[in-house]
Amino acid sequence: MAISAPSGKISSANLDSNQKYGTALSSLMVLFFMMGFITCFNDILIPYLKVIFKLNYTQVNLINLCFFGAYFVMSIPGGKLVQKYGYKAIMITGFVIAAIGCILFYPAAEMKIYGLFLGALFILATGITLLQVAGNPYVAVLGSPDTSSARLTLTQALNSLGTTIAPLVGTYIILSNLPEMPLELKGLKSYSDLPENLNVLLNNLLEQTKLIYLQGTYLSIAAVLLVIGGVLFIMKLPAIGHGEGEISTEGVAEKSSVWQYRHLILGMIGIFTYVGAEVAIGSHIINYLEMKDVMAMSAKEAGNYVSYYWGGAMVGRFLGTLILAKFNPGKVLGTYALLAISLIAISIFSHGELSMWSLLLVGFCNSLMFPTIFTLAIKGLGKYTDQASGLLCTAIVGGAILPLLFATVADQTGGNLKLALIIPIICYLYISFFGFKGHKAAGN
């Protein structure tokens, strides 16, 4: 089974000039912005709900499991819907479903039931999945194949703008309304084994906590999503056909099955490891900065620094539109992955500001990874581009599995997030391999 992605050429009846490419790309910018904004809000939810429900790292990372698990469950059905109804219709549907998920945060917060939050997140992520399935490959072919990496990187930069702004908004509205913790409760690695007196103290503080700010935030996001979906409904976008063989195989020998393209399979693993590493780090930055041997910050203080992580990705993606146009994408990808490993190692073996900033700078290294892996993996697949793009979207499930593994390592080592960083290091080692060598496996 495979998920549909645009493999066709732009219809000349619908696209008369390059100007229309620019118009279409511009109209998709807000889509990528909102995808980033909503996804990054998980980085605020994780430390917030960890306190509210007194969860350990493994339990609270069910947030990532539900959110990114939707990619695995819904990408293939979403691709079939794209093939049947078209990209515009599915993008509109994605906005509506995501809005429904946001609205469901209201009853979940009202009843203070963690399971309802997870259910709402899955529905929200289903909408985001549809937007990814339709949006990313649409942009990849909306112009010259030679600049597809740079073009997708530009739209991903808008995604990163959303991820940069979201932590600031979430910290101001949500984390700032966590109860002020007394010294005895600050920087705790776990709330599950508190002495009775501290447990009573924490319960009293949490009883006073109102989730109205969380409800209001997600209702506002729902309203914005519905407005954007309505605007998209009345807009005209270039049509993309689904024709066999409409994209050149670029010298790669055509095979009888999409699974015979080794560079695609390696690319799927690349997307899996990239998303897993990025989410594992981003989801735990606040808790990492709360650690006494790092910065010993409060959640409110640490929340503002999450923006530096995602902001680095934003800056890197804007620069990447120039870098990828001038340098070999594979070599750039491999180099960035090695730099990420070096920065994580520095963070693990240092303390204070050096430990903090070296980890935050990994965000810059992440900037070019998704669009570069994506375009290298589908290069030269011709009529199989549809299936390949869908499989790559399904591989985003790495954001569900690897952060959970990261959290398990942390819990099994007494909340040691530094030791858990070995998981992202392994991921970046693989990405480096794919950049320098793996993407050439098929001879392209």
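The values are calculated or read from the model by the stated rules, or taken from the named source; none is laboratory data. Please read these numbers as outputs of a predicted model, since none were measured by experiment. Neighbour counts are summed over all protein chains in view; Cβ atoms, including those assigned to glycine, are modelled from backbone coordinates with ideal geometry. To get the accessible areas, we keep the full protein, side chains included, count just its heavy atoms, and leave off ligands, DNA and RNA. Shrake-Rupley method; radii C 1.70, N 1.55, O 1.52, S 1.80 Å.
Given a Förster radius of 45 Å and the C-beta distance between Leu405 and Glu207 as r, what FRET efficiency does 1/(1 + (r/R0)^6) yield to the nearest 0.05?
In this case the efficiency is close to 0.85.
Work out Dmax and Rg for segment 252-299 from the C-alpha atoms and quote the Rg first, both in angstrom.
Final numbers for Rg and Dmax: 19.2, 57 Å.
With each pseudo-label sitting 7 Å past Cα toward Cβ, what's the Lys440-Val73 distance in nm, one decimal?
4.2
At what distance in angstrom do the alpha carbon centres of segment 344-362 and segment 261-311 lie from each other?
12
If you take all C-alpha pairs in segment 283-328, what percent of them are over 16 Å apart?
Roughly 50 percent, rounded to a whole number.
Using a 7 Å offset from the Cα along the Cα-to-Cβ direction at both Lys383 and Lys84, what is the distance between the two label points in nm, to one decimal?
Output for this residue pair reads 2.3 nm.
Once the piece of chain linking Ile426 and Met111 is laid out straight, how much longer is it, given 0.36 nm per residue of separation minus the C-alpha distance between them? Write out the running numbers ahead of the final one.
Working: separation 315, 0.36 × 315 = 113.40 nm, distance 4.00 nm.
Gain on extension, Ile426 to Met111, equals 109.4 nm.
HN-Hα J couplings of segment 412-427 from phi, Karplus 6.51/-1.76/1.60, θ = phi - 60°, integer Hz, Gly and Pro as x?
Along segment 412-427, the couplings run 6, 10, x, x, 7, 5, 5, 5, 5, 5, 5, 5, x, 4, 4, 4 Hz.
Give me Rg/Rg_expected for segment 288-364, where Rg uses Cα atoms only and Rg_expected = 2.2 N^0.38 Å with N residues.
Segment 288-364 yields a ratio of 1.25.
So which trypsin sites (Lys or Arg not before Pro) in segment 285-346 end up in coil per DSSP with only 12 or fewer other C-beta atoms within 10 Å? Walk me through the intermediate numbers first.
Numbers: sites: Lys292, Lys300, Arg317, Lys326, Lys331; in loops: Lys292.
Passing sites in segment 285-346 are Lys292.
Can you compute the FRET efficiency between Met29 and Ile100 using 1/(1 + (r/R0)^6), with r the Cβ-Cβ distance and R0 = 25 Å? Round to the nearest 0.05.
After rounding, the FRET efficiency stands at 0.60.
Heavy-atom accessible area per residue, segment 332-411, 1.4 Å probe: how many Å²?
Using a 1.4 Å probe on heavy atoms only, each residue of segment 332-411 averages 27 Å².
Under a no-solvent Debye model with one identical scatterer per Cα of segment 30-97, what's log10 I(q)/I(0) at q = 0.11, 0.17 Å⁻¹?
Here log10 of I(q) over I(0) equals -0.37, -0.74.
Please work out the FRET efficiency for the pair Thr413 and Val227, using the Cβ-Cβ distance as r and a Förster radius of 41 Å; give the result to the nearest 0.05.
Values: r = 46 Å, r/R0 = 1.12.
Here the calculated transfer efficiency is 0.35.
Mean shadow of segment 322-444, computed from the convex hull of its alpha carbons, in nm²? Before the final figure, lay out each step's value.
On the way: hull surface 34.2 nm².
For segment 322-444, averaging the hull's shadow over all directions gives 8.6 nm².
Quick check for you: with a 1.4 Å probe and neighbouring chains kept, what is the accessible area per residue of segment 84-135, in Å²?
Ligands and nucleic acids excluded, the figure is 34 Å² per residue.
In nm, to one decimal, how far is the Leu322 label point from the Ile173 one, both placed 7 Å along Cα→Cβ?
Going from the Leu322 label point to the Ile173 one covers 3.5 nm.
From the protein chains alone at 1.4 Å, what is the descending order of accessible area for Ser257, Ser347, largest first?
Ser257, Ser347
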